[in-house]
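Single-structure report; data block below.
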Amino acid sequence: MDPDAIARTYRRWAPVYDATFGAVTRPGRRAATAHANRQGGHVLEVGVGTGLALRHYRPDVKVTGIDFSDDMLRLAREKVTEKGLTNVADLRQMDARDLDFPDDSFDTVVAMYLISVVPEPRRVLAEMARVCKPGGEIVIVNHFAAEGGALGRVEALLGPFADRMGWHADFEIGTVLGSDRVREIERRTLPPLGLFTFLRLRPRPAAQQAA
Ligand SMILES: C[S@@+](CC[C@H](N)C(=O)[O-])C[C@H]1O[C@@H](n2cnc3c(N)ncnc32)[C@H](O)[C@@H]1O
């Protein structure tokens with residue numbers, strides 16, 4: 001999706017997001033925040049959206065969130081104020097392809113339901129790895145394309161509608177796992193119906209990355 005399409009699509013999604021896609025994807029948000037809470041320190045949530053996950057971070061875990069869509073971010077800011085989430089340090093409009101943070105800034109970098117939405121997923125992954133501290137973790141929750149079967153055929157049919165829906169239904173996990181910027185440390189499926197995948201990754205030291 002190009003940046004204009006993202007802004008347009010998520011302007012339409014913002015008012016109904018929490019009650020629709022936001023509701024069915026709750027288990028992934030709980031799994032990712034539970035893991036970030038175990039890690040502690042400073043979390044970066046990339047594509048924070050309407051801020052549905054923010055209240056699940058422990059109060060002593062500092063959270064910074066970024067999102068491309070001002071419409072989604074406005075709702076996230078409202079939640080922070082309404083729920084008095086003083087651990088949310090900052091919510092900023094930013095393109096995940098160009099994170100405006102120094103290298104090695106965060107203990108955990110989380111991206112829930114983002115990686116199949118962004119225009120250049122490998123570049124986003126590289127940015128997430130860059131801002132993650134050595135020894136820190138990257139947590140990704142997403143739907144990845146099924147290998148064949150009825151679901152695979154439905155996803156292939158939905159492929160051309162990515163701009164209207166706001167994500168690529170046929171996004172392949174290899175796009176993430178094939179990156180030389182990260183290595184996999186855990187993978188499991190999540191409800192509903194195992195449709196979503198929880199991935200824990202570590203940034204690779206620069207010496208192990210291809211030039
Ligand atoms: C499906 S929503 C997920 C929101 C949130 N993570 C959640 O769990 O509900 C995808 C989010 O990614 C954001 N997004 C898409 N492309 C982006 C980009 N290049 N940079 C930052 N955010 C982006 C959208 O604006 C939207 O808020």
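What the table below lists for this structure:
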| quantity | calculated |
| --- | --- |
| Stretchable slack from residue 38 to residue 70, in nm (0.36 nm times residue separation minus alpha-carbon distance) | 8.5 nm |
| Fraction of the pair-distance distribution of the chain above 24 Å, Cα-Cα pairs, percent | 37 |
| Helical contribution to [θ] at 222 nm, DSSP H n ≥ 4, -39,500 (n - 2.57), averaged over the chain, rounded to 500 | -9500 deg cm²/dmol |
| The chain: relative contact order as a whole-number percent, Cα under 8 Å and 6+ apart | 20 |
| Computed E for residue 58/residue 12 - FRET, C-beta separation, R0 41 angstrom, nearest 0.05 | 0.80 |
| DSSP-defined antiparallel bridges as percent of all bridges, the range 3-206, nearest 5 | 40 |
| The chain - percent of accessible surface contributed by carbon and sulfur, probe 1.4 Å | 52 |
| The range 22-137: radius of gyration over Cα atoms, expressed as a fraction of 2.2 N^0.38 Å | 0.96 |
| Cross-link partners of residue 133 among lysines (Cα-Cα below 25 Å; sequence separation of 8 or more within a chain) | 62 |
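The values are calculated or read from the model by the stated rules, or taken from the named source; none is laboratory data. None of these values were measured; they are calculated from a predicted model. Note: ideal-geometry Cβ built from the backbone for every residue, glycine included; neighbour counts use all protein chains shown. What goes into the accessible areas is simple: the full protein's heavy atoms, side chains included, and nothing from ligands, DNA or RNA. Shrake-Rupley method; radii C 1.70, N 1.55, O 1.52, S 1.80 Å.
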